[in-house]
Amino acid sequence: MTDIWWLDATAQAELVRTGEVSAKELVDGAIERIERVNPQLNAVIHPLFDRARDEAGGDLPEGPFRGVPFLLKDFATELAGTPFSEGTDLSGDYRSTADQLLARRFVEAGFVTCGKTNTPEFAILPTTEPRRFGATHNPWDRTRTTGGSSGGSAAAVAAGLVPVAHANDGGGSIRIPASCCGLVGLKPTRGRVSLAPRYGDVMSGLVAEHVITRSVRDTAAVLDAVSAPVPGEPHYAPGPRHGTFADAAARSDPPPLRIGLVTAAPTGVEVHPECVAAATGAAALCESLGHHVEPADMGVDGDLFTTHFINVWAAGNAWIMGDWEERIGRTATEADVEPLTWALVGVGRALDAGQLLKSVQELQRVARSMAAVFEHLDVLLTPTLGEPPVPLGTFDSPPENPLHGLFRAATFVPFTPPYNASGQPAISLPLHWSPDGLPIGVQLAGRFGDEETLLSLSAQLEAARPWADRRPEVHA
């Protein structure tokens, strides 16, 4: 088992399929690693070890990832009978009473859930430092953020506790921690992965569900396993045009693509030189592989976008607070949540219905201008983040200005939220490391519904500049 832990999920599943390793051995190994390494990371906050051992020793579904150990992010996607906290004191000892469809699809794919991972309160910040559970530490440098909101999942995968973990993304929460932790993080097209049965869409379509992985092929194969459409969905993503998403990732020699390079943030904030270097280096690599690269623009009015995105985000968090009040049967108090959350929910509750619909409409206008960019381009390439992984505590807010952390976050993540507004697919790839050894991701975005092009190009870049052998300071 010494080397198996570092294999991706596809390879681990193949070992189970051929009988070289049992599901129980894989799961026991993951549990041992979590028990040994997690105290250094604080990535897993709700262990589900007994449940996982029972499942691994039983009759697992014959899915593509049968027997592979897995972790579920403690936000939005519920698993019946397990603790569900969403990073807040408000949730108390609540346990989920039903499965989300996505959780069932992970089970049907054969994954064995060994625990649930840390997330910031209500998944608000791009760092994983909730008051209730404490900070998750980046395995590349424990003083740095893992990103958020899927930071617990990213730390666990980066350190080799499991090969793949659930994540979701309302403003970059898959791509941000993927960049901070040296992983692959795809935000799928809006409507690709269902939020049924509890939700139709979240925050007017900003939120998408998927996973964080170490390989492009895992990202593609999991998408195949969880993305079947559901009747009654509010949004529809067209299926792959040629086979499966796994087929697209296997086609790691795409025809010459027209790629637009963007290194300036649409909001006008300064972009760190290492993040610029990551994007320009990836662009040069694309050119060396036969693609045409040209300067481009994201098609985003930064000031307009920021105003209306924050309005929808604030309203969404007011909804989350109300959802929890309904679950627990009482009204939340200021003491129940962090100061930033209380202030943001206050902003959301102060919006009237007309203001909210105005902001939804304006974000839809931005989405159309972003889509127009792809009338002459196949892919847009940007830095994933505006800065390398920042020190823990960077987004703390002083008592006199509880929203400071949110506005500080905007300088860290200028490139990811627009693709939540447009619904287009976007992926972060670990193609660059800073001189002091910190991973810095590169974001590729594509046309609505066209994950195939992104996955094929990503697989080509992975083969040309592989990252599989890079291991962080803290690993299993």
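Prolate is the label for segment 1-126, because the ratio a/c of its alpha-carbon gyration tensor axes (a ≥ b ≥ c) is 1.5 or higher and a/b is greater than b/c. The count of lysine pairs in the chain that are at least 8 places apart or cross chains, and whose C-alpha atoms lie under 23 Å apart, stands at 5. Overall, segment 1-143 carries a charge dipole of about 200 debye about its Cα centre when +1 sits on the Cβ of Lys and Arg and -1 on the Cβ of Asp and Glu, all other atoms neutral.
Using a cut-off of under 18 Å, list every residue of segment 63-100 whose amide N is near the label point 7 Å from the Cα of A335 along the Cα-to-beta-carbon line. 88-93, by backbone N distance to the label point. The residues neighbouring H376, those whose beta-carbon lies less than 15 Å from its own, together hold a net charge of -3 under the Lys/Arg +1, Asp/Glu -1 convention.
Determine the share of the chain's accessible area contributed by carbon and sulfur atoms, expressed in whole percent, with a 1.4 angstrom probe. Of the solvent-accessible surface of the chain, carbon and sulfur hold 52 percent. Database remark: amide H of V211 closer than 5 angstrom to the amide H of A167, L186 (H placed geometrically; neighbours at sequence offset of 5 or more, or on other chains; Pro and chain starts carry no H). The residues packed around P120, meaning those with a beta-carbon under 15 Å from its beta-carbon, carry a net charge of -3 if Lys and Arg are +1 and Asp and Glu are -1.
Under a model in which nothing but the beta-carbon of Lys, Arg (+1) and Asp, Glu (-1) is charged, the chain shows a dipole of about 240 debye around its Cα centre. Does the chain come out rounded, prolate or oblate, given a ≥ b ≥ c as the square roots of the eigenvalues of its C-alpha gyration tensor, rounded meaning a/c under 1.5 and, failing that, prolate meaning a/b above b/c? Rounded.
Rounded, prolate or oblate: which one fits segment 198-288, using the alpha carbon gyration tensor with axes a ≥ b ≥ c (rounded when a/c is under 1.5, else prolate when a/b beats b/c, else oblate)? Oblate.
Ordering G148, F133, G191 by the projection of their Cα atoms onto the charge dipole of the chain, which places +1 on the Cβ of Lys and Arg and -1 on the Cβ of Asp and Glu, puts G191 at the extreme positive end. Local charge sum around G268 (other residues, Cβ-Cβ under 12 Å, Lys/Arg +1, Asp/Glu -1)? That works out to -3.
Only the Cβ atoms of Lys and Arg (+1) and of Asp and Glu (-1) were treated as charged; on that basis the dipole of segment 233-343 about its Cα centre amounts to roughly 420 debye.
Over the chain, accessible surface divided per residue gives 35 Å², non-protein components excluded, 1.4 Å probe.
The values are calculated or read from the model by the stated rules, or taken from the named source; none is laboratory data. Here the structure is a predicted model, which means the values were calculated and not measured. Ideal geometry is used to build each Cβ from the backbone, glycine not excepted, and the neighbour counts take in all protein chains shown. Each accessible area value is taken on the protein alone, full model and side chains, heavy atoms only, with ligands, DNA and RNA left out. Shrake-Rupley method; radii C 1.70, N 1.55, O 1.52, S 1.80 Å.
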